[in-house]
Amino acid sequence: MQPRKVLVVDDSKLMQKMYEVMLRQYPLVYASDGRQALDRLREHPDVDLVLLDVNMPNMNGLEFLAQLKAEGGFADGMAIVIISTEGREEDTARGLEAGAAAYISKPFHSEEILAVISRLPARSAA
Amino acid sequence: MSDRPAPTASGLELVAELRSTLDRAGELARVAEINLRELAERGGGAADSNRVTELERRLATAESDVKELASRLVDSEHQGGRLMNLYVATYQLHATLDPAEVQATIAEIAINLLGAEQFVLLLRKEEGEGCDIALLGGTAPERGDGNGLYGGEIYAGGDPVVDATLADGVLRLGPTADSKALAAVPLRVQNEVVGALVLLKLLDHKPILRAEDRDLLDLLSAHAASALFAARLFATKDRKLRTLESLVKLARGE
């Protein structure tokens, strides 16, 4: 997958900077919680990849996924990758069940993220 | 955010170059294979036999180069990632003059880059013995190590590994028989040890500190305290400046 625009949802400024450096070949937009992320998706309909933290204030990652599903936000084939410090098997299963295409545990190596992105199927809708 | 190129750029360029070389080596191997196949189909005399031998040698060399380059590519990507972590950690530590934000960054490095579930940031008290517990990260109900050493607002000593690090400024890795600390990282401003970051527990899916984590621990040792103290100094001076400005205004009757 070569994403057109990536939405980074993480309340950590350190991680936002990390993604800025790691994914500088892609246009990025940022959100610090699930509510902001929903707003960003409305503002940026060309976002086709979301990197999503789980533990965030106001609306966490799983709540964001549930809300997105309720609003039909998955319809256009947007890919969501959860990147979280919660790395137990049940956490991974819960994330994938909620609609994420992949689940990566923090701390990660940058090549893991890039490899996962490259393996994601291209967005079907133009 | 800075517009300067990240220092990982050269690493990524190296990776791109290695990929390109790898592709060329793969192409060479394919050409050699095709030539070999053609020769085998044609048959031939001694000259062809020599050529086959030469091509086989070249093919073996190319395959060996491919393996070597693939290995170097993996190492380079890993090295690039490691340097990126160090760059981002340093950048973010010095990106603010707000002491609370610097502390938050230290916590974020501990959690997101080192995989710490429980940790304590100790800063020497300005007056008297012991250290202030500036930051306590972790979710365990017993707070910290479970021995009550970090249960209050002050660490008065008691963990031999942490005490030794606070005394001599040497980074220590554990745990040991008498300490649960997985790492005691001295925090230095110039040559003075002003505190320590103590890692008490890692996330379950990250059982041990890896070799590259040592670089991050060294970075924290060198940069965390100076960033924190610069921010505190700025905050103190800023507060004093505001007080003086208020006094001047008052004196002028404004």
Taking the stated definitions as given, is B:L86 part of a loop (DSSP other than H, G, I, E, B), out of contact with any Lys or Arg (no Cβ under 7 Å at 6 or more places or on another chain), surrounded by fewer than 23 Cβ atoms within 10 Å (Cβ to Cβ) and touching a residue at least 60 places away in the same chain (Cβ under 8 Å)? no
Residue set A:M56, A:M1; condition surrounded by fewer than 19 Cβ atoms within 10 Å (Cβ to Cβ), of a type in the set (A, V, I, L, M) and in a loop (DSSP other than H, G, I, E, B); output residue A:M1
Within the range B:122-132, identify whether any single residue is surrounded by fewer than 16 Cβ atoms within 10 Å (Cβ to Cβ) and in contact with a helix residue (DSSP H, G or I) (Cβ under 7 Å, 6 or more places away or on another chain), and answer yes or no. no
Selection status of A:E86, surrounded by 15 or more Cβ atoms within 10 Å (Cβ to Cβ), within 14 Å of another protein chain (Cβ to nearest Cβ) and part of a loop (DSSP other than H, G, I, E, B): yes
Scanning the range A:97-106 for residues that are hydrophobic (A, V, I, L, M, F, W, C) and under 12 Å from the mean Cα position of the chain (by Cα), which turns out nearest to B:D213 (Cα to Cα)? A:I104
Given the options A:L28, A:L23, A:L14, name the one that is within 14 Å of chain B (Cβ to nearest Cβ) and buried (at least 20 other Cβ atoms within 10 Å of the Cβ). A:L14
Condition check: over 20 Å from B:L135 (Cα atoms) and not polar (S, T, N, Q). Does B:V170 satisfy that? yes
Do we find that B:D23 is touching a helix residue (DSSP H, G or I) at 6+ places or on another chain (Cβ under 9 Å), under 23 Å from A:E111 (Cβ atoms), modelled with pLDDT of 75 or more and away from every other protein chain (no Cβ under 14 Å) in this structure? no
If you scan the range B:219-254, which residues turn out to be surrounded by 14 or more Cβ atoms within 10 Å (Cβ to Cβ) and among the charged types (D, E, K, R)? B:R232
Taking strands (runs of 3 or more DSSP E) that do not extend beyond the range B:95-196, which have at least 2 residues that are at pLDDT 90 or above and within 14 Å of another protein chain (Cβ to nearest Cβ)? B:116-124
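The values are calculated or read from the model by the stated rules, or taken from the named source; none is laboratory data. A quick note: this is a predicted structure, and the numbers were derived from the prediction, not measured. Here the Cβ is made from the backbone with ideal geometry for all residues, glycine too, and neighbour counts use every protein chain on show.
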